[in-house]
Amino acid sequence: MRRFLPFLAVITVIFIGGGVAPGQSGRPSPSVNPPTELQSLKVTILSTMLADEGIGEWGFAALVEADWKRILFDTGARPNTVLENAKELKIDLSGVQDVVLSHFHYDHTAGLMSLRRELSKSNPAALSRVHVGKGIFLERRSLFSNRMIAMKKDNEATGGKFIEHDKPEEIVPGVWLSGPVPRLHPEKNYPAGVEVARTEGWVEDDLPEDQSLIFNTPRGLVLLAGCGHAGIINTLEYARKFIRPAPVNAVLGGFHLYDAKEEQLDWTGEKLKEFQIIQILGAHCTGIESLYRLRQRLGLSRRFCAVGTVGAIFDLKDGIHTSFY
């Protein structure tokens, strides 16, 4: 019997090990440690172009309520838009501590300091933690200068802090920050004529810090993007790798398709079909005509593929609610 002990020891190691070998994916195995699923999710748009209530602008912001946690995603284009729209919608943001900025463009970041200064009067912790993607503080030149460089100093002077992410992070159970997204598909949907300072010198700015929020729910994944400069398909494929390969229940926010060519819209629509998407709430830079094209391509009704407006809501239980669908 003694001669068989080494063989039995090998079997024991195989069955007990079960871990991830160095260099392999760290995504938990569903059978061992399934990712947390949110039981409730509500997203309310606070800044976009169309408004039935409040002020419309070329910008984006949304309040996320995920189970017990509230997060502000982006802060609008003008200093006071989100403040005023929140008041109009009777939404109190003073209890929100975490902010996620999708990228450096002013139409997603300009309201941060106004919100921080006003809300901290009643709660010093309000909007004190700002989650950003690595690269957001890089110097830019040409069409867009990088106001985030000065904003970093201003925010830190109030006691706020920035948290840079260079990889996916589960910032709340069931709520994932994508971090910078790999560009496997050439979804080149960012402004031309802008350069960013990298170690190799000035190069075309492809918004390396662009990031989104992804929510893991019993009904599938839900994506919230500011502009989706990394590409909606790139972002969804990436999310399904580091969370789980689930169907996509909904995509929300801006996807920078307003000036996309017909071929790109058709390709995007066909790729979205692969994710079994049920709902789209397209706001900001998605483009109304582009949204209609995706609706047609995916065979969705107006109820399930709608133009986002200020005050529009996505609720995991009840779906999309907007005055304009």
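The values are calculated or read from the model by the stated rules, or taken from the named source; none is laboratory data. The structure presented is a predicted model; accordingly, all values stated were derived computationally and were not measured. Virtual Cβ from ideal backbone geometry, glycine too; neighbours counted across all protein chains shown.
Restricting attention to the range 170-188, the residues that are touching a helix residue (DSSP H, G or I) at 6+ places or on another chain (Cβ under 8 Å) and either assigned to a loop (DSSP other than H, G, I, E, B) or within 25 Å of residue 139 (Cα to Cα) (or both) add up to 7. Tell me yes or no: at least one residue of the range 162-169 is surrounded by fewer than 21 Cβ atoms within 10 Å (Cβ to Cβ), assigned to a strand (DSSP E or B), of a type in the set (D, E, K, R) and more than 19 Å from the chain's Cα centre (by Cα). No. Looking at the range 142-161, which of the residues that are exposed (fewer than 14 other Cβ atoms within 10 Å of the Cβ) and either within 21 Å of the chain's Cα centre (by Cα) or under 21 Å from residue 196 (Cα atoms) (or both) is modelled with the lowest pLDDT? Looking at the filtered set, the residue picked out is 143.
The C-beta contact set for the range 61-78 (first residue of a type in the set (Ser, Thr, Tyr), second residue in a loop (DSSP other than H, G, I, E, B) and buried (at least 19 other Cβ atoms within 10 Å of the Cβ), distance under 8 angstrom, 6+ apart or interchain) comprises 75/101; 75/110; 75/111.
Among the residues in the range 100-119, are any assigned to a strand (DSSP E or B) and buried (at least 20 other Cβ atoms within 10 Å of the Cβ)?
To start, the set of residues in the range 100-119 that are assigned to a strand (DSSP E or B) comprises 100.
Of the ones still in play, those that are also buried (at least 20 other Cβ atoms within 10 Å of the Cβ) are 100.
So far as the range 100-119 goes, yes, one or more of its residues are assigned to a strand (DSSP E or B) and buried (at least 20 other Cβ atoms within 10 Å of the Cβ).
Looking only at residues of the range 50-84 that are surrounded by 20 or more Cβ atoms within 10 Å (Cβ to Cβ) and charged (D, E, K, R), we find that the one that is farthest from residue 38 (Cα to Cα) is 57.
Looking at 93, 112, just one residue is more than 23 Å from residue 196 (Cα to Cα) and without any contact (Cβ under 8 Å) to a residue 60 or more places away in the chain, and that residue is 93. Within the range 129-141, identify whether any single residue is farther than 23 Å from residue 38 by Cα, in contact with a Pro (Cβ under 9 Å, 6 or more places away or on another chain), modelled with pLDDT of 95 or more and not in a loop (DSSP other than H, G, I, E, B), and answer yes or no. Yes: one or more hits. Of all residues in the range 184-200, those that are crowded, with 17+ Cβ neighbours inside 10 Å and either in contact with a Gly (Cβ under 9 Å, 6 or more places away or on another chain) or among the charged types (D, E, K, R) (or both) total 3.
Report the residue count in the range 286-319 for those that are among the hydrophobic types (A, V, I, L, M, F, W, C), free of Cβ contacts under 8 Å to residues at least 60 places away in the same chain and crowded, with 16+ Cβ neighbours inside 10 Å. Quick ask: steps written out before the conclusion?
To start, the set of residues in the range 286-319 that are among the hydrophobic types (A, V, I, L, M, F, W, C) comprises 288, 291, 294, 298, 300, 304-307, 310, 312-314, 316.
Still in the running and free of Cβ contacts under 8 Å to residues at least 60 places away in the same chain: 288, 291, 294, 298, 300, 304-306.
Next cut, crowded, with 16+ Cβ neighbours inside 10 Å only: 291, 294, 298, 300, 304-306.
Residues meeting the conditions: 7.
In the range 220-247, the residues that are over 14 Å from residue 277 (Cα atoms) form Cβ pairs under 8 Å with partners that are basic (Lys, Arg) and surrounded by fewer than 19 Cβ atoms within 10 Å (Cβ to Cβ), at six or more places apart or across chains, as follows: 230/183; 231/183; 234/183; 241/27; 242/27; 243/27; 244/27. Looking at the range 120-141, which of the residues that are within 22 Å of residue 167 (Cα to Cα) and of a type in the set (D, E, K, R) is surrounded by the fewest Cβ atoms within 10 Å (Cβ to Cβ)? Selected residue: 139.
Taking the condition under 23 Å from residue 264 (Cβ atoms), at pLDDT below 95 and not polar (S, T, N, Q), does residue 193 pass? Against the criterion (under 23 Å from residue 264 (Cβ atoms), at pLDDT below 95 and not polar (S, T, N, Q)), residue 193 qualifies. Looking at the range 261-274, can you tell me whether even one residue there is crowded, with 22+ Cβ neighbours inside 10 Å and hydrophobic (A, V, I, L, M, F, W, C)? No, every residue in the range 261-274 fails to be crowded, with 22+ Cβ neighbours inside 10 Å and hydrophobic (A, V, I, L, M, F, W, C).
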